[in-house]
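Computed from the coordinates by the stated procedures, all read-outs in this text should not be read as laboratory data. Note that this is a predicted model, so its numbers are computed, not measured. Note: ideal-geometry Cβ built from the backbone for every residue, glycine included; neighbour counts use all protein chains shown.
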Amino acid sequence: MTQEQEDKAPKTAAKVLVVDDNPANIDVMVRMLEPEGYNLAIATHGEKAMKVADHFLPDLILLDVIMPGMDGFEICRLLKKNSVTQEIPIIFVTAKRENEAIVKGFESGGQDYISKPFNREEVLSRVRTHLRLRMLMKKQDRLIADLTQALDRVRQLSGLLPICSSCKKIRDDGGDWHQLETYIKNHSEAVFSHGICPDCISELYPGLMDKIGRPDPS
């Protein structure tokens, strides 16, 4: 796909999870983010945030620090321990401006922070930046997976292949035997067409080659 085609292709809306126990703060965030076309989810406490993140799988989490029960730092640590959610970037939302709180946020696994009261341009800029980084990381992961799969196919076809000297079947790594064309088709992008070679014509249809003439080897 060319860059122009990629730009024109429909894009799935990025998913953002907003975690805050204050309905007023949630309302402000939603009014800022909704016009940007993001797919939003809301959680008002830590336990719900964990469940929503596990099923919604957001591309970014905006996480309040001060909440009843689990605070934002603890929620962040738990999300980073979960293999399903550990790669999701987290931006802390806090009224705290002290260096200690900021450092604690980074130490718990957060990528950035937004201060209250909210500045619309700051919020949107940070959200866009981290979503862009997230999408680039996802694209890189897909490219690595595709490359690994392609290299695996190359290794399978470039190694030593046990082949039956009688029927010409190939044995795979699991010990199963496959027709030669089936094995190659499953491990490459080759497409087969069928015909019959001159030697087999001579063996199966004696005299036919004398009538039709052998092909010029040149």
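Descriptive notes on the structure:
- Couplings 3J(HN,Hα) for the stretch 74-81, derived from phi with the Karplus relation 6.51 cos²θ - 1.76 cosθ + 1.60 (θ = phi - 60°), are 5, 4, 4, 4, 5, 5, 6, 7 Hz, where x marks Gly and Pro.
- Relative contact order (percent, whole number), the stretch 3-140, Cα cutoff 8 Å, 6+ residue spacing: 21
- Look at L180, L60, L143 and count the other Cβ atoms within 10 Å of each Cβ; fewest to most, that gives L143, L180, L60.
- Coil-residue trypsin sites (Lys or Arg not before Pro) of the stretch 7-68, DSSP, other Cβ within 10 Å capped at 10: K11
- Once backbone amide H atoms are built at 1.01 Å from N, V93 has L63, D64, V65, I114 as its partners under 5 Å, excluding neighbours fewer than 5 places away on the same chain.
- Magnitude of the charge dipole, the stretch 3-140, Cβ model with Lys/Arg +1 and Asp/Glu -1, debye to 20: 260
- Using the Cβ-Cβ distance between H45 and Q149 with R0 set to 30 Å, the FRET efficiency from 1/(1 + (r/R0)^6) comes to roughly 0.15.
- Members of K48/K104; K80/K116; K104/K139; K48/K80; K48/K116; K116/K138 lying beyond 27 Å, as alpha-carbon distances in this model show: K104/K139; K116/K138
- Multiplying the residue separation of A13 and I66 by 0.36 nm and removing their Cα-Cα distance gives an extension gain of 16.2 nm.
- In terms of other Cβ atoms within 10 Å, F106, F73 run from fewest to most in the order F106, F73.
- Label positions at E36 and E107, each projected 7 Å from the Cα along the C-beta direction, are separated by 2.9 nm.
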